[in-house]
Amino acid sequence: LAGAGLVVATLVRGGRGRTNRLRRDRWTARDSLVAAAATVGVGMVVALRVSGAGDADYLAYPQVTAPAFHIAGAAAFALLLLPAFLHASGERTREAAS
């Protein structure tokens, strides 16, 4: 509660004497065209998806599978991890010796 009170007091104190006015950007014909195009585009994609036409359900990777496991590859990665394990065990033995 004390922290929340401190935050509120800081916000109240920091906001005194300063006023900012944000001016809205004017909505132009170009903005209307972009909004209309986006709305129509989304509507068309939904309609195509619902009707099943137009390949709207395209998947870039339709059959993603995991690579085959090879024991030599696993051993190579295990050897790459060995220095990290040796370093960690060395730290533990130094702590135990202290």
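See the values below:
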| item | result |
| --- | --- |
| Spin-label pair T39/A2, simplified geometry with 7 Å Cα→Cβ offset, distance in nm | 5.5 nm |
| Estimated inter-spin distance, R21 and T65, nm [label 7 Å along Cα→Cβ] | 6.8 nm |
| Projected label distance in nm at V46 and A75, using a 7 Å step from Cα toward the beta-carbon | 5.8 nm |
| Per residue accessible area of region 24-86, 1.4 Å probe, in Å² | 97 Å² |
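The values are calculated or read from the model by the stated rules, or taken from the named source; none is laboratory data. The shown structure was predicted, so the numbers you read here are calculated from the model rather than taken from an experiment. Cβ sites come from the backbone with ideal geometry, for glycine too, and all protein chains shown count toward neighbours. What goes into the accessible areas is simple: the full protein's heavy atoms, side chains included, and nothing from ligands, DNA or RNA. Shrake-Rupley method; radii C 1.70, N 1.55, O 1.52, S 1.80 Å.
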